[in-house]
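Only one structure is covered here, and it is reproduced in the block below.
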Amino acid sequence: MTTINYEELSGCLSEVRIVDVRKREEVKEQGQIPGSHVLPVQELEESLSLSEDNFKTKYGFPKLSPQDPNLVISCRSGRRVGLAQEVLNTKGFTKHKLYYGSFLDWTEKGGSIIKPGEPYEPQE
């Protein structure tokens, strides 16, 4: 696990998979980083026990992989990134990056956003 900052992330946005661990309502209201996927931190641990197909049906993107070096975890201010990191550690994730600056840093530095946010609505 390593960290990533705004400059690094903005330079490789098309090469990474950003998982935003905010609640869907927050993302709808505040917006989201283009290309990011929403998986609320409250659902993270349970989501990792789903099959590949069930994960994709529920969240709209491929299941997270412990060996994915292009995985970036983000939230609003960085606090929930730490909570997500605790869960990911217990599941063997070692290659991902943490964006502690998160959405507030992204917007403060002029990063483009999708607003209102368009989180995938879960399919049960």
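The values are calculated or read from the model by the stated rules, or taken from the named source; none is laboratory data. This is a predicted model, so every value here is computed, not measured. Quick reminder, even Gly has a Cβ in these numbers, built from the backbone with ideal geometry, and neighbours come from all protein chains shown. The protein model used for the area step is the full one, side chains on, heavy atoms only, and it has no ligands, DNA or RNA in it. Shrake-Rupley method; radii C 1.70, N 1.55, O 1.52, S 1.80 Å.
Per-structure values
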| item | result |
| --- | --- |
| Selection within the stretch 1-49 - within 14 Å of residue 83 (Cβ to Cβ), assigned to a strand (DSSP E or B) and not hydrophobic (A, V, I, L, M, F, W, C) | 20 |
| Positions within the stretch 93-116 being outside any loop (DSSP other than H, G, I, E, B) and more than 17 Å from residue 41 (Cα to Cα), in sequence order | 104, 105, 106, 107, 108, 114 |
| Hits in the stretch 15-37 (condition: in contact (Cβ under 8 Å) with a residue 12 or more places away in the chain and farther than 12 Å from residue 72 by Cα) | 22, 23, 24, 26, 27, 28, 29, 30, 31, 32, 34 |
| Among residues of the stretch 40-64, those that are under 13 Å from the mean Cα position of the chain (by Cα), surrounded by 17 or more Cβ atoms within 10 Å (Cβ to Cβ) and in contact (Cβ under 8 Å) with a residue 24 or more places away in the chain, counted | 4 |
| Single residue of the stretch 96-120 satisfying the filter (of a type outside the set (Gly, Ala, Ser) and over 15 Å from the mean Cα position of the chain (by Cα)) that is farthest from residue 4 (Cα to Cα) | 116 |
| Residue satisfying all of: in the stretch 79-95; of a type in the set (Gly, Ala, Ser) and open to solvent by 10 Å² or more (accessible area, probe 1.4 Å); nearest to the chain's Cα centre (by Cα) among these | 82 |
| Residue match in the stretch 65-76 (condition: open to solvent by 60 Å² or more (accessible area, probe 1.4 Å), assigned to a helix (DSSP H, G or I) and of a type outside the set (A, V, I, L, M, F, W, C)) | no |
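For (1) touching a helix residue (DSSP H, G or I) at 6+ places or on another chain (Cβ under 8 Å); (2) at pLDDT below 95; (3) more than 18 Å from residue 115 (Cα to Cα); (4) not hydroxyl-bearing (Ser, Thr, Tyr), each residue gets a yes or a no:
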{"position": "4", "(1), (2), (3), (4)": "no, no, yes, yes"}
{"position": "14", "(1), (2), (3), (4)": "no, yes, yes, no"}
{"position": "21", "(1), (2), (3), (4)": "yes, no, no, yes"}
{"position": "31", "(1), (2), (3), (4)": "yes, no, no, yes"}
{"position": "53", "(1), (2), (3), (4)": "no, no, yes, yes"}
{"position": "72", "(1), (2), (3), (4)": "yes, no, yes, yes"}
{"position": "83", "(1), (2), (3), (4)": "yes, no, yes, yes"}
